[in-house]
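Here the structure is laid out as structure tokens; the discussion comes afterwards.
A short reminder: the numbers here are calculations on the coordinates, not readings from a lab. These numbers come from a predicted model, not from an experiment. Glycine gets a Cβ as well: all are built from the backbone with ideal geometry, and neighbour counts include every protein chain shown.
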Amino acid sequence: MELYYLYNHFLQFAVSATVFSVALSIYLYVRSLKSSEEELSPGGNSGNIIYDFFMGRELNPRIGHFDLKYFCELRPGLIGWVVINLAMLLTEMKVHRQSMPSLSMILVNTFQLLYVVDALWNEEAILTTMDITHDGFGFMLAFGDLVWVPFLYSLQAFYLVNHPHEVSWPTACAILTLNFLGYYIFRGANSQKNAFRRNPKDPKLAHLKVIPTATGKNLLVSGWWGLVRHPNYLGDIIMALAWSLPCGKIKKYLLLNSSIVPAYLSQSENDSSSL
């Protein structure tokens, strides 16, 4: 089976992944009913079946030593995203009988591959996020990891297959600059946050200012986190814009961008610079 089979059956794959995420969520909820109180997450143990099913009752469900949430958090969705993008690139070449992909498709694939490689390279940083330390593993994360990420984040490449858009080299350079600006902000903010959470007494972080919160945690108010409330999401939004610009007209890239930005913003309350 050639990779462009994914393009012709994109909806079927998305529906299948959705069904699988629902089945996984049911399994996770049922098994959580036998879990001890210590194994449950603070946010998914409300007693409301629908809410707890959505949020996830068990914090870190494992099969033996295999942590289901930690595995699903990055690898299946991100690697699937790259595979789908590659399938779209090959499909574009086949449909238009091209010897090489369009510059627009190359930009989209390159930008998003960089994002995925960065996430996997810095995978250990996810251990300090609220997804791992606080949220249970339920439908929200299962659907987000296995459906939302690979199938919605690949919409730019999917769109370009049958809507080719020529990008001049000066325009491509401007989009490239925009993407790397977003990446610079994104990586700098996340690295600073992760270092602070891991060891707030690190001498390298001595210049950073913090304020205590009502929960007893410290909140970063300088460095990247003194500029805006969520500099990591600012970088995300800038990169998402750069991913969509190769698709052409402003209405088109805003439509595609709308599938990405809410995913970042919906997590804003779950991800801060506090320790």
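Hydrodynamic radius of the stretch 1-153 by the Kirkwood approach over all distinct alpha-carbon pairs: 16.9 Å. Remark: spin-label model distance Arg187-Asp118 equals 0.7 nm, labels positioned 7 Å along the Cα→Cβ axis. Taking θ as phi - 60° and the Karplus parameters 6.51, -1.76 and 1.60, the scalar couplings of the stretch 37-43 work out to 4, 5, 8, 8, 7, x, x Hz in sequence order, x denoting glycine and proline. Kirkwood hydrodynamic radius computed over the stretch 62-102 comes to 12.3 Å, based on all pairs of distinct alpha carbons.
Here the contact order of the stretch 32-159, divided by its residue count and restricted to Cα pairs under 8 Å and six or more residues apart, works out to 41 percent. Residues whose amide H comes within less than 5 Å of that of Leu40, counting only those at least five positions distant or on another chain, are Leu59 (H built at 1.01 Å from N in the peptide plane).
Here the Karplus curve 6.51 cos²θ - 1.76 cosθ + 1.60, taken at θ = phi - 60°, turns the phi angles of the stretch 96-106 into couplings of 9, 6, 9, 7, 8, x, 5, 4, 4, 5, 5 Hz, with x standing for Gly and Pro. In units of the compact-protein estimate 2.2 N^0.38 Å, the stretch 94-147 shows a Cα radius of gyration of 1.69.
For Glu2 and Arg75, a Förster radius of 22 Å and the Cβ-Cβ distance give a FRET efficiency of 0.40, rounded to the nearest 0.05.
The phi torsions of the stretch 226-233, fed into the Karplus equation with coefficients 6.51, -1.76 and 1.60 and a -60° offset, translate into couplings of x, 8, 9, 5, 10, x, 5, 6 Hz, rounded to whole numbers, with Gly and Pro shown as x. The Rg/Rh ratio for the chain, using Cα coordinates for both the radius of gyration and the Kirkwood hydrodynamic radius, is 1.00.
The amide H of Ser222, built 1.01 Å from its N in the peptide plane, has Lys209 as neighbours under 5 Å, considering only residues 5 or more places off or on other chains.
Take the Cα radius of gyration of the stretch 1-90 and divide it by 2.2 N^0.38 Å, N being the number of residues; the result is 1.35. When restricted to Cα atoms, the stretch 97-237 yields an Rg and a Dmax of 18.7, 62 Å, respectively.
Compute the FRET efficiency between Asn48 and Lys217 as 1/(1 + (r/R0)^6), taking r as their Cβ-Cβ distance and R0 = 30 Å, and round to the nearest 0.05. Please report the intermediate quantities before stating the final value.
Numbers: r = 27 Å, r/R0 = 0.90.
Efficiency for this residue pair is about 0.65.
The gain in end-to-end length when the Ser36 to Phe180 segment is fully stretched comes to 47.3 nm, 0.36 nm per residue minus the alpha carbon separation. Spatially, the stretch 112-141 and the stretch 202-225 are offset by 22 Å when compared through their Cα centroids.
Computed across the stretch 178-248, the Kirkwood hydrodynamic radius from all distinct Cα-Cα pairs reaches 13.2 Å.
Share of pairwise Cα-Cα distances greater than 14 Å in the stretch 44-113 is 71 percent (whole percent).
Near the amide H of Val167, within less than 5 Å, lie the amide hydrogens of Leu103, Ser104, all on another chain or at least 5 residues away, with H placed in the peptide plane. Treating each Cα of the stretch 137-220 as an identical point scatterer and summing with the Debye formula, the log10 of I(q)/I(0) at q = 0.22 Å⁻¹ comes to -1.08.
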